[in-house]
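Comments concern the structure below.
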Amino acid sequence: MAKKKSKGKKLAEKLSYKKKNFWEKADQALKESALAFNDDYRDYLNAGKTERKVVEKTLNMIKDGGYDELTDQTENGKKFYKVNRKKNIAIARLGKKDISHGFRLIVSHIDSPRIDIKQMPLFEDSSADVSLLYTHYYGGIKKYQWMAIPLALYGTVIKENGESVEIEIGDKEGDPVFTFSDLLPHLSAKQYKKKLNEAIDAQKLRLTFGSIPYPDDEVKEKIKLNCLNILNERYGIEEEDFISAELELVPAFSAKDVGIDRGLLGSYGHDDRVCAYTSLKALLEAEQPEYTSIVFLADKEEIGSEGNTGAKSNFIIDFIADLIDFSGHNSSEKLRKILRKSKILSADVNAAINPLFSEVYEKQNAPKIGCGVTVTKFTGARGKGGANDANAEFVAEIRALFNKNDINWQIGEIGKVDEGGGGTIAKFMAEYGPDVIDCGPPVHGMHSPFEVVSKGDVYSAYLAYKVFFENRK
Ligand SMILES: [Zn+2]
C-alpha cells in the first residue's frame, strides 16, 4: 500500500517552484525527437562557422519553403526574406491577423567570438624561420583558450576589381590547419606568475602560417614569398588584397556529442547559433502563425551590435516597414504604432551552473543545464546596468504561454550579483517600444572554442519559439 503524503508535503508540492530536468520529464517520443533535432542542428553548426556561412546555410534551408526576397517590386506572397550584406538575414511569415495588430519577432545573433586576421597580416620571423599572420581578436575571448588548438581560416577577399574570392581552409578532410603555438611548461616560469588575463598578450596571437622558403637566394623573405606564391596560385590574390578581406579564425573541429549518454552537444559557436537555428526551425515549422512572425539573425552582437550589420542598424526596422507597406499600409504612419503592439524574444544563451566553478553562480537563480530553455528577466552588470529588464506583465504572459504548452523552461540569471555580467540584443529592440524578454538555452563554457549545451534544452528552445509564433493558448 502506498504511503499517504503528509499535509505539509502536499502543501510544499502545491506551493513550491521546482525546476524540472528535460530527460526526467520527457516521454520516449519526445526524447527521440530531441535527439533527432540535434542531429540536424549539428550539421547547421558544422556548415555555419562564420556569420556569412550561417546566412548561406539559412538561405539553403528556406529555399524550398516558398520564401521570396522582399523588394519594392514584390506584389504577392506570404513568406519573405531579406539579406543584409551577406552577414545577416530576416525571414518573415505573414500571420492570420493583419500586421497592423503587431508582429512577433525572435532575434538572435550569428556572429561568435573568434580571431580575425589583420589587414596587413603576413610577415616572416627570421629568428624562427616561420611566417606568421598578425591577428586581432573579435568579441570576449579568454585568449589562452585559443592557444595550441587547430584553427580553420574562413573568409572573403574582395579584389580591387570587385571580384570576391572565398577562402575556407581547415575543416575539409585533408586540409591543413593553423595554430598559435603556446609556450612550453619548461620555459614558463615567468608566464606562470602572470595573471590569467595577462598570460597571453593579444599581440602574441600570431598565427603560424608557413615554414617552407621559396627556392631563390636573391630573395630576402623566402618563407613569406612562398606563402604569397601559394595564395596567388590557389586564389589569384596578392598581398594588397588582404586589405579588403575579412578573414576569420575559428576552431577546426566539428560539433560532437558530449558525455557517455550523449545528452550534451559540444561545439564552437552555440552562442548564438543555437538560437538562430531553433528560431529558424520554429518559424519554418510553425502552424499558420496568428501574427506576422519574423526571425532576425543579426551580426556584430559580440562587439556591441554595432555597424550596419548589427542589431543597432536600421536593417530590421526597414524590413518591418517593408512588410507594413506590402500589407497595404503606409509604414511612415503605422510603423511606430505597430512596434508598440509587438512582442519580441531576444534569443540568446545564458550561463548554466558550471560544476567546476559553481561558486560564481547563485544556485536558486542560475539556470541548470538540461532544465529547459531559460527565460531571463534582466541581464546587465553592477546593478542591472545595461539591462532590458522585461516588465512583469510580459514575463507573466510568456510564463503562461510556456506552461500551457508544457514547455520545459526555467527562470535564470547570469551569475551572482557583482560577479560580472553581460548583455544581449534585448535592450536595443526594446528602444522601439515592443515588449522584449531574453529567452535561450543555457550553456557551459560560454565564449570558449568548445561550448556545451544540453540537447534537451536545444529542443525545448525550439518548442518554446514555435508556440510563441503560433501564439497557442
Ligand atoms: Zn550571445
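Couple of notes before you dig in:
- Given (1) of a type outside the set (A, V, I, L, M); (2) more than 24 Å from Phe469 (Cα to Cα); (3) touching a strand residue (DSSP E or B) at 6+ places or on another chain (Cβ under 6 Å), number of the condition Thr374 does not satisfy: (2)
- Filtered by the rule that a residue be modelled with pLDDT of 95 or more and surrounded by fewer than 15 Cβ atoms within 10 Å (Cβ to Cβ), the stretch 400-438 gives Ala400, Asn403, Lys404, Asp406.
- Residue count, the stretch 131-145 (criterion: out of contact with any Phe, Trp or Tyr (no Cβ under 6 Å at 6 or more places or on another chain) and surrounded by 18 or more Cβ atoms within 10 Å (Cβ to Cβ)): 3
- Unmet criterion (only one of (1) exposed (fewer than 15 other Cβ atoms within 10 Å of the Cβ); (2) more than 24 Å from Thr379 (Cβ to Cβ)) for Gly307: (2)
- Identity of the residue in the stretch 148-158, hydrophobic (A, V, I, L, M, F, W, C) and within 15 Å of Val250 (Cβ to Cβ), that ends up surrounded by the fewest Cβ atoms within 10 Å (Cβ to Cβ): Ile149
- Exactly one residue among Ile317, Ile260 is closer than 26 Å to Tyr462 by Cα, surrounded by fewer than 17 Cβ atoms within 10 Å (Cβ to Cβ) and either without any contact (Cβ under 8 Å) to a residue 12 or more places away in the chain or of a type in the set (Ser, Thr, Tyr) (or both), and that residue is Ile260.
- Residues in the stretch 277-305 that are in contact with a strand residue (DSSP E or B) (Cβ under 7 Å, 6 or more places away or on another chain) and among the charged types (D, E, K, R): Asp299, Lys300, Glu301, Glu302.
The values are calculated or read from the model by the stated rules, or taken from the named source; none is laboratory data. Bear in mind the structure is a predicted one, so any value in this text is a computation, not a measurement. Note that we place each Cβ from the backbone using ideal geometry, even for glycine, and neighbour counts take in every protein chain shown.
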